[in-house]
Amino acid sequence: MSAREKEAMVISRIAENSSSVMRPGTTCPGVEECWADVDGARMRYLCAGSGPPLVLLHGLLGYSFSWRFNIPALAQHATVYAVDLLGTGLSDRPSHVDCSFRSTAEGLLRFLDEAGISSFDVLGTSHGGAVAMMLAFLSSELPQKRLRRLILAAPVNPWSPHGRRLALFLGSRIGSSLFLLTLARMRSAYAYWLKRMYGDALRIPPGTLEGYSAPLKIPGTFEHGLHIMRHWTMDLRELESVLPKIGDYPTLLIWGSRDRAVYPSSAEPLRRQFKKCELVVIEGAGHLPYEETPKDFNGAVIDFLLSTP
């Protein structure tokens, strides 16, 4: 059996055995599962609602599942497109894909063309937040600006040093090999890292660990994450160089006060890069405020969408 056939078999098994976790459409009426061809690979995304397009970008090793508590609320005010970036979720895992912030953002522009989206807002979290800022820069370079507004939930940024040494190690040949031989095979480690993403582990909703763990069974998932690590230092340098060029976008920053992945102390220096930027800190929340405190998170996003032209 070829690697491609094995991957298809795993995806099929996940969909059959975990449909309530993997497919928000089964519990959220009106959510449609869609597919787009991007650079010869299939990208999965969920679509719901009506109104101005709002693109949701998940964090590292996350996928559209991350937004299960947000899509129903946001879809009342926008047409929501929650993507599984290539290499994650149920999207294809092409071995040739360039995982840099810039190339990922360029691929998203091609996805938007494929989906027929001419102008849009973007909501990105963590790694997806950094990609969203790069997407804003690429949009500003086009003859007609396609991006309207930025919403960033604890985005990876140059002022949060946490994880840089780890990224350098995991991005190395030795580090990536050790990771694949050890932690990637230890299912018990998944629960530990999920708890660290929350401000209060007692607020982890049922099915969360199963939902995030399911796509990790698909061959190539961890390798994709390690490829992202190899670009990390250079990507942050490039991101810092383009930030002065995106300061005109109306921007909302959302952080959990107990975020241990991207430090809340980096929010203020990032906020100063934008001319019109609101910062919302959700007390007690960790790195995933959109699923730990969805009511507060959704309220902040909707208020921003309704109040900002």
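The numbers here are math on the coordinates, done by the rules we state, and not lab data. Here the structure is a predicted model, which means the values were calculated and not measured. Using ideal geometry, Cβ is built from the backbone for each residue, glycine included, and neighbour counts are taken over all protein chains shown.
Through the Karplus equation 6.51 cos²θ - 1.76 cosθ + 1.60, θ set to phi - 60°, convert the phi angles of the stretch 104-113 into ³J(HN,Hα) values in whole Hz; use x for Gly and Pro.
5, 5, 4, x, 5, 4, 5, 4, 4, 4
Once fully extended, how much extra length lies between Lys195 and Arg42, figured as 0.36 nm per residue of separation less the alpha-carbon to alpha-carbon distance? Before the final figure, lay out the partial values.
Details: separation 153, 0.36 × 153 = 55.08 nm, distance 3.14 nm.
Here the answer is 51.9 nm.
First measure r as the distance between the Cβ atoms of Glu141 and Arg203, then evaluate 1/(1 + (r/R0)^6) with R0 = 41 Å and state the FRET efficiency to the nearest 0.05.
Details: r = 41 Å, r/R0 = 0.99.
Rounded to the nearest 0.05, the efficiency is 0.50.
Among the aspartates and glutamates, select those whose C-alpha is under 18 Å from the C-alpha of Lys145, and discard any that sit fewer than 8 residues away in the same chain.
Reachable aspartates and glutamates: Glu106, Asp113, Glu114, Asp121, Asp248.
Can you list the aspartates and glutamates whose alpha carbon sits under 15 Å from that of Lys195, skipping same-chain ones fewer than 8 residues off?
Partners within reach: Glu210, Asp259, Glu291, Glu292.
To the nearest Å, what is the center-to-center distance of the stretch 53-88 and the stretch 275-309, using C-alpha atoms only?
Centre-to-centre distance over Cα atoms comes out at 15 Å.
Can you tell me the length gained on complete extension of the stretch Leu306 to Asp98, counting 0.36 nm per residue apart and subtracting the Cα distance?
Using 0.36 nm per residue and subtracting the Cα-Cα distance, I get 71.3 nm.
Computed over the Cα atoms of the stretch 35-146, what is the convex hull's projected area averaged over all directions, in nm²?
Numbers: hull surface 25.2 nm².
If I average the Cα hull's projected area over directions, I get 6.3 nm².
So if each residue of separation counts as 0.36 nm, and I subtract the Cα-Cα distance between Ser50 and Glu283, what length gain in nm does that give? Can you show the working numbers first?
Values: separation 233, 0.36 × 233 = 83.88 nm, distance 3.13 nm.
The span from Ser50 to Glu283 would gain 80.8 nm if fully extended.
Whole-Hz ³J(HN,Hα) for each residue in the stretch 46-62, computed from phi via Karplus 6.51 cos²θ - 1.76 cosθ + 1.60 with θ = phi - 60°, x for glycine and proline: what do you get?
Ordered by residue, 3J(HN,Hα) equals 9, 10, 7, x, 8, x, x, x, 10, 9, 9, 10, 7, x, 4, 6, x Hz.
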